[in-house]
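Below: the structure, in structure tokens.
Derivation of every value follows stated rules applied to the coordinates shown; laboratory data play no part. From a predicted model like this one, the values you see are computed outputs, not experimental measurements. Here the Cβ positions follow ideal geometry from the backbone for every residue, glycine too, while neighbour counts run over all protein chains shown.
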Amino acid sequence: MARKEPLLSALKGGVLRLREGSGPCTDTSPHLVSLCQLLESILRKGLRQPAWGFRRRDYWHWLEQLPTGTSGRPTPLSISIRRAGGCERTRTAQGRGRYFLRLALQGKVLAVAVRQLAQTPRLLEFYDPGSSILGSEDLREPFLSLLLVLTEIDFSLDVQNCSFLDESWLLPVCCTYETVPCRALGMVLRYVDGRVFVTKVLPESQAEVDEVVLAGDILDEINGCSLRYACPGQAGAMLQRLKGQPLSFRLLRWRWHDGAVFEPLLPYLKALKEKEPHFQLQHSPRHRGEGEPRQLQGGRLLYNLQYLGQTSVGTFGGKEVLEGDIPAVLERDLAALEVLFDVKEAEVLVQEKASSKLLCRHPYPSISCVGRCTWSPRIFAFCVISSPESPDGSTFDCLVFASSSEQECEEIIGRIAAGFKHTEWFV
């Protein structure tokens, strides 16, 4: 008769709780971390440690030795193992094992790994049959049954978010920040134990205009290159090599899902404070006003505007045309369309508010001017290239919008103008 195993009972409860949820299990699921901790405890239970040597054995050490199969072709399991073993953001057996578990949940291959272990006697010797779950056939079978139930649950995890797995199952909020080629981003960086912290966002810089990066956030990756375990100066050298190219940063937020500081970050922030006593976490972009009614979409704040129409302005798209073309649009007395206006890092997007349908997108190089007329401070316009391939030269359209306040109108014009100022375009 098999002994009663509390870890299997706890795992059964965790699996049932996940099945009760609607939709796929994501990184924000309240039951995900406890499930991963239970799986790890089961994989570690009864793991034999070598009698000599300095390396402590962990479950990753048998996972990386699993046979790859007889066909010679990669399998979902072998791909997951290879990916975990080659991850630049994890250096420890614990981190790579945890990364594999997340990949295995998403790829539904954990049961396959346990079956291969059972069929490989030299690896099965990693476990003590009397005290382990994986080394005991009577306990391994019910564990496999629970793993098969887990394959019925869809996992939608951000598997790239793995830079804290060496030290924690708790993972930070992660986002992507894309920006245009520019002379200087305006971020002050400080290196703490192999992590690249943003300690300050400089006023009037591209980073401040983009309203994405906050002091206290971590640069985890630049254009696909990992910055985990980065040496001092490495991020700056990387940016110098990428000068003139669009930039894509992977950011780890200092603020967690509940609004509090991401707990595993606390020791780093303490060390950072010792190096820079005046450092303060930044809670919001510096020039964003309090209480402004904005629409939130994908973590970005959008402007609620009215689109009043557009007119062709010919082959000259300078700011001088705005004073005449804004009234020309208004005289048509067209029905105003409610839109969401997004001043992004590299372009301006306009979408219909009611349907979220994208109406137009204009990269900064296609915008020739922006401004407002003196007699109506809430109305602004910008000119865009409408036919760059025209044999007579480029022609321009003037698009006219109305904002809710003079202050908001000024802010939008300033942000679009800053896009021109900070952008370098190369041929």
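In the neighborhood of Val400, defined by Cβ-to-Cβ distances under 13 Å, what is the net charge if each Lys or Arg adds +1 and each Asp or Glu adds -1?
Values: positive: Arg332, Arg372, Arg378; negative: Glu323, Asp325, Glu331, Asp333, Asp397.
For residues surrounding Val400, the net value is -2.
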Item to complete: Would you tally the net charge around Glu64, using a Cβ to Cβ cut-off of less than 10 Å, leaving Glu64 out, and scoring K and R as +1, D and E as -1?
Response: +2
Response to the item:
Within the set Ala230, Ala51, Ala260, GNM on the chain using Cα springs under 10 Å gives the largest fluctuation to Ala51
Discussion item. Need one number for segment 174-275: average projected area of the convex hull over its C-alpha atoms, nm².
Written reply: 6.3 nm²
Worksheet item: Along the positive direction of the dipole of the chain (beta-carbon charges: Lys, Arg +1; Asp, Glu -1; about the Cα centre), which of Val350, Gly13, His61 reaches farthest?
Response: His61
Discussion item. Just to confirm my numbers, what's the Cα centroid distance between segment 13-67 and segment 259-289 in Å?
Written reply: 31 Å
Worksheet item: Mind checking which of Leu308, Leu359, Leu103 has the largest fluctuation in a GNM of the chain, springs on alpha carbons under 10 Å?
Response: Leu359
Discussion item. From the helices alone, meaning DSSP H stretches of at least four residues, give me the mean residue ellipticity at 222 nm for the chain, per-run term -39500 (n - 2.57), in deg cm²/dmol to the nearest 500.
Written reply: -9500 deg cm²/dmol
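Starting from the eigenvalues of the Cα gyration tensor, five times each then square-rooted, give me the equivalent ellipsoid semi-axes of segment 6-156, largest first, whole Å. Walk me through the numbers before you get to the answer.
Working: eigenvalues 109, 71, 49 Å².
Equivalent ellipsoid of segment 6-156: 23, 19, 16 Å, largest first.
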Worksheet item: Which of the following values of volume of the Cα convex hull per residue in Å³ was calculated from the structure shown: [x] 147; [y] 208; [z] 198?
Response: [z]
Worksheet item: Where in segment 166-207 is the amide nitrogen less than 15 Å from a point lying 7 Å along the Cα-to-Cβ axis of Ala271?
Response: 166-168, 190-198
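Taking chymotrypsin sites (Phe, Trp or Tyr not before Pro) as exposed when DSSP calls them loop (any state but H, G, I, E, B) and at most 10 other Cβ atoms lie within 10 Å, what is the longest stretch of the chain free of them, the sites themselves excluded? If you can, show how the numbers build up before the last one.
Working: sites that count: Trp52, Phe54, Trp375, Trp425, Phe426.
It runs 55-374.
Which loop-located GluC sites (Glu not before Pro) does segment 151-198 contain, where loop means any DSSP state but H, G, I, E or B and the Cβ has at most 15 other Cβ atoms within 10 Å? Write out the running numbers ahead of the final one.
Details: sites: Glu152, Glu167, Glu178; in loops: Glu152, Glu167.
For GluC sites (Glu not before Pro) across segment 151-198 that sit outside H, G, I, E and B with at most 15 neighbouring Cβ atoms in 10 Å, the list reads Glu152, Glu167.
Charges at C-beta only: +1 for Lys and Arg, -1 for Asp and Glu. How large is the resulting dipole of the chain about its Cα centre, in Debye rounded to 20?
Numbers: 50 positive and 50 negative charges, 469 e Å.
That gives a dipole near 2260 debye.
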Worksheet item: Binning every alpha carbon pair distance of segment 295-422 at 10 Å from zero, what are the percents per bin?
Response: 13, 45, 35, 6, 0
Worksheet item: With axes computed from alpha carbons, what is the tilt in degrees of helix 137-150 against the longest principal axis of the chain, rounded to the nearest 10 within 0 to 90?
Response: 20 degrees
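Given +1 on the Cβ of Lys and Arg, -1 on the Cβ of Asp and Glu, and no further charges, what dipole in debye does segment 6-156 carry about its Cα centre, rounded to the nearest 20? Don't jump to the answer; show the numbers that get you there.
Values: 21 positive and 13 negative charges, 101 e Å.
Result for segment 6-156 is approximately 480 debye, rounded to the nearest 20.
State whether segment 305-380 is rounded, prolate or oblate according to the following rule on the C-alpha gyration tensor (a ≥ b ≥ c being the square roots of its eigenvalues): a/c under 1.5 gives rounded; otherwise a/b larger than b/c gives prolate, and the remaining case gives oblate. Display every interim value, and only then the final one.
On the way: a/c = 1.82, a/b = 1.19, b/c = 1.52.
Taking the square roots of the gyration eigenvalues as a ≥ b ≥ c, segment 305-380 is oblate.
How much net charge surrounds Asp138 when only the other residues with a Cβ under 13 Å from the Cβ of Asp138 are counted, with Lys and Arg +1 and Asp and Glu -1?
Values: positive: Arg3, Lys4, Arg140; negative: Glu5, Glu137, Glu141.
Cβ neighbours under 13 Å give a net charge of 0.
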